[in-house]
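The values are calculated or read from the model by the stated rules, or taken from the named source; none is laboratory data. Since this is a predicted model, take the numbers as computed values, not measurements. Backbone-built Cβ (ideal geometry, glycine too); neighbour counts: all protein chains shown. Accessible surface areas use protein heavy atoms only, side chains included; no ligands, DNA or RNA. Shrake-Rupley method; radii C 1.70, N 1.55, O 1.52, S 1.80 Å.
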Amino acid sequence: MKRMKLLLIVLSVLMLVGCGTTQEDGKTTGKPMTIYPTEFSAETKKVLDILDDEVMFFTYVTDDSVKSVNLQIWFYENGEWTSAGNVKGNKEMTERDIVLRVKESEIDLIQVSETGQSKYTFPVLAEFSAPLMMVEERLQNTEDIVLEEEIVLYYKVGTEENAIRSETDFRELPCSTGMALTITFSAENVE
């Protein structure tokens, strides 16, 4: 319960931190459409370090060409990557924060807006105790948003092989278990 309160405090801080890319009328100021890891002050980083779980924060900035956003959870099961669920909806604003919290048994996906937050929880369908090697990657640099192109925010894979390399596309890695989160921006509204 204390961790959840702490996370809510951090989320509140996120809502107060703005990048100044949006005008009062809700239109962007001409900056390119991007998604990037959210940057925090030293004080906020200290608070985040207290949490034991893996917590990742991302911010995206879009223009009016983006009509909807699709966040998708993937798991490697029975020799293939399959979608385990998604959160998609019509874009409400040009700038938004996403929080991904990976715990041993579940993944929390939290979308933060000026008016509040929406939390979605997915069970972890991958087992990471048996693999010989593991690779875990997250978006660490600013990525340009291209409509209808998937962007990998996070992946974790395990393999029985002696060596594994990091890849942009997690689906290309040899693995025996895995999970990933991707985001796709679309020019079409969700019905």
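Just to verify a result, which residue in segment 152-171, among those that are surrounded by fewer than 17 Cβ atoms within 10 Å (Cβ to Cβ) and closer than 26 Å to GLY89 by Cβ, is farthest from the chain's Cα centre (by Cα)?
Among those residues, the one meeting the criterion is ARG171.
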Please enumerate the residues belonging to segment 149-191 that are modelled with pLDDT under 85 and within 17 Å of GLY85 (Cβ to Cβ). none
Of all residues in segment 122-134 being open to solvent by less than 70 Å² (accessible area, probe 1.4 Å) and modelled with pLDDT of 85 or more, which is nearest to ASP63 (Cα to Cα)? PHE122
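With respect to ILE145, is the statement that it is open to solvent by less than 80 Å² (accessible area, probe 1.4 Å), closer than 26 Å to GLY89 by Cβ and among the β-branched types (Val, Ile, Thr) true? Reasoning before the result, please.
Values: open to solvent by less than 80 Å² (accessible area, probe 1.4 Å): yes; closer than 26 Å to GLY89 by Cβ: yes; among the β-branched types (Val, Ile, Thr): yes.
So ILE145 fits the description; yes.
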Go through (1) touching a residue at least 24 places away in the same chain (Cβ under 8 Å); (2) assigned to a loop (DSSP other than H, G, I, E, B); (3) open to solvent by 30 Å² or more (accessible area, probe 1.4 Å) one by one and return the number of the condition PRO174 breaks. (1)
Quick one: in segment 70-85, of everything that is surrounded by fewer than 17 Cβ atoms within 10 Å (Cβ to Cβ) and either free of Cβ contacts under 8 Å to residues at least 12 places away in the same chain or of a type outside the set (Gly, Ala, Ser) (or both), which residue is farthest from PRO131 (Cα to Cα)? ASN70
